Amino acid sequence: MFGNPCPIDEIMALSEKNSLFVIEDCAHSIGSRLNNRLTGTFGHAAFFSFETIKPVNTYGGGMIVTDDDTIADYARKTITDSDKKIPLQTRS
């Protein structure tokens, strides 16, 4: 929280031991590092939020990062093929 990474190296060790898939929630940690490694580069995929109250603000955007082609292709297809309308959220 507040840009401070969780002990993701311990989580990844547990993941590897138990064949678990890890998605990092990096909503508040863009640019943060753990042991000189950027958050979002430990898990199989990571999500960054650019909502209005986040450190980097694009008024409701986000970013998915991965170095796995299968995950990237699935994310692209899911986002591209979605016919769901996502309403613009505002705060009053």
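Determine whether GLY43 is in contact (Cβ under 8 Å) with a residue 24 or more places away in the chain, touching a helix residue (DSSP H, G or I) at 6+ places or on another chain (Cβ under 9 Å) and either more than 19 Å from ILE79 (Cα to Cα) or part of a strand (DSSP E or B) (or both). For GLY43, the condition - in contact (Cβ under 8 Å) with a residue 24 or more places away in the chain, touching a helix residue (DSSP H, G or I) at 6+ places or on another chain (Cβ under 9 Å) and either more than 19 Å from ILE79 (Cα to Cα) or part of a strand (DSSP E or B) (or both) - is met.
Consider segment 15-33. How many of its residues are surrounded by 11 or more Cβ atoms within 10 Å (Cβ to Cβ) and either touching a helix residue (DSSP H, G or I) at 6+ places or on another chain (Cβ under 8 Å) or of a type outside the set (D, E, K, R) (or both)?
Our first condition is that a residue be surrounded by 11 or more Cβ atoms within 10 Å (Cβ to Cβ); within segment 15-33, this holds for 15, 20, 22-33.
Imposing the further condition that a residue be either touching a helix residue (DSSP H, G or I) at 6+ places or on another chain (Cβ under 8 Å) or of a type outside the set (D, E, K, R) (or both) reduces the set to 15, 20, 22-24, 26-32.
Here the count works out to 12.
Would you mind finding the one in VAL22, VAL56 that is β-branched (Val, Ile, Thr) and at pLDDT 95 or above? Testing whether each residue is β-branched (Val, Ile, Thr) and at pLDDT 95 or above leaves just VAL22. Taking the criterion of being without any contact (Cβ under 8 Å) to a residue 12 or more places away in the chain and among the hydrophobic types (A, V, I, L, M, F, W, C), the residues of segment 12-30 that qualify are ALA13, LEU14, LEU20. In segment 6-21, is there at least one residue being hydrophobic (A, V, I, L, M, F, W, C) and in a strand (DSSP E or B)? Looking for residues that are hydrophobic (A, V, I, L, M, F, W, C) and in a strand (DSSP E or B), one finds none in segment 6-21, hence no. Residues that are more than 9 Å from the chain's Cα centre (by Cα), of a type in the set (Phe, Trp, Tyr) and modelled with pLDDT of 85 or more within segment 30-53 comprise just one, PHE42.
The values are calculated or read from the model by the stated rules, or taken from the named source; none is laboratory data. This one's a predicted model, so the numbers in the text were calculated from it and none came from an experiment. Counting neighbours? That spans all protein chains shown, and the Cβs are built from the backbone with ideal geometry, glycine included.
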